[in-house]
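The values are calculated or read from the model by the stated rules, or taken from the named source; none is laboratory data. Not measured: the values here are computed from a predicted model. Ideal geometry is used to build each Cβ from the backbone, glycine not excepted, and the neighbour counts take in all protein chains shown. The protein model used for the area step is the full one, side chains on, heavy atoms only, and it has no ligands, DNA or RNA in it. Shrake-Rupley method; radii C 1.70, N 1.55, O 1.52, S 1.80 Å.
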Amino acid sequence: MIRENVLAIKRQVGFIASKINRDPEQITIVAVSKGRSIEEIKEAIKAGISDIGENRIQEAVVKYNTLKMRRPEFGNISWHFVGHLQTNKVKEAVRIFDLIQSVDSQRLAAEINKQAAHIGKIQDILIEVKTSPEATKFGFMPEEVIAAIKEMNKLKNINIKGLMTIAPRVDEPEKARPYFRLLRELKDNITKALIPLTQPLILSMGMSDDFPIAIEEGADMLRLGRAIFS
Ligand SMILES: *Cc1c(COP(=O)(O)O)cnc(C)c1O
């Protein structure tokens, strides 16, 4: 089932990307595997998934150790943290995650910078933006983001790769569009503000119920749980 799900999602991503003239290879599918077993993750990887997302450190460490440390063939997987990160878990997070998608405060960014410096790493991050008050209590307000980036740019051991948002649960996918659009407009405004960045910002948005809409609005990264694993 997981294999069929992944193939169907890839076909759908390809179809929507072609409609809007985007290269589907530029749209990363992150399999959010919280609560799923090692076996299920392996199946997703065998079906062509190369990005794994987790939202709890303890659970992620166990999976990472099993898949990455003991199984070199799974060594090319990128690990994404997508949950709320507490500062006392940052040391562990910096050790295992390639991308921390959910940086929701300046204090957290500073701690990530500090722990990354300790191990000589430049930690890639996304800034979580609260595009709706209902979806989550975490994240920067859209109007705070430019100032936040300016501040985070002073931290030498973090690299801001883009923005992430969680849209509220809605009864029709179309109703999620304004939240995705808001994130894309925010990116355009950041670009216009000429803030120095090492690369164009990417947008992580779109989950199982609404990812086609997110792609239409410019998503570079989708975070899919149920669409892959159920
Ligand atoms: C669980 C989770 C997802 C995936 O959710 P689905 O609706 O199952 O696709 C995506 N992003 C975050 C932050 C999550 O916690």
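Looking at the stretch 24-75, which trypsin sites (Lys or Arg not before Pro) are DSSP coil and have at most 11 other C-beta atoms within 10 Å of their C-beta? When the trypsin sites (Lys or Arg not before Pro) of the stretch 24-75 are filtered for loop state and at most 11 Cβ neighbours within 10 Å, Arg70 remain. Please state, rounded to one decimal and in Å, the Kirkwood hydrodynamic radius that the chain gives when every pair of distinct Cα atoms enters the mean of 1/r. About 17.9 Å for the chain. Computed from the alpha carbon atoms alone, the convex hull of the stretch 29-149 holds 114 Å³ per residue. For the chain, a simple Cβ point-charge model (Lys and Arg +1, Asp and Glu -1, everything else neutral) yields a dipole of about 680 debye relative to the Cα centre. Centre-to-centre separation between the Cα atoms of the stretch 111-147 and those of the stretch 38-53: 26 Å. For the stretch 124-189, the solvent-accessible area works out to 50 Å² per residue, with a probe of 1.4 Å and every protein chain left in place. Take 203-212, 107-116 and order them by the average number of nearby Cβ atoms within 10 Å per residue, most first; the result is 203-212, 107-116. Of the cross-linked pairs Lys121/Lys161; Lys91/Lys156; Lys63/Lys175; Lys63/Lys130; Lys114/Lys161, which ones have a Cα-Cα span greater than 23 Å in the structure shown? Long pairs (Cα-Cα over 23 Å): Lys63/Lys175; Lys63/Lys130.
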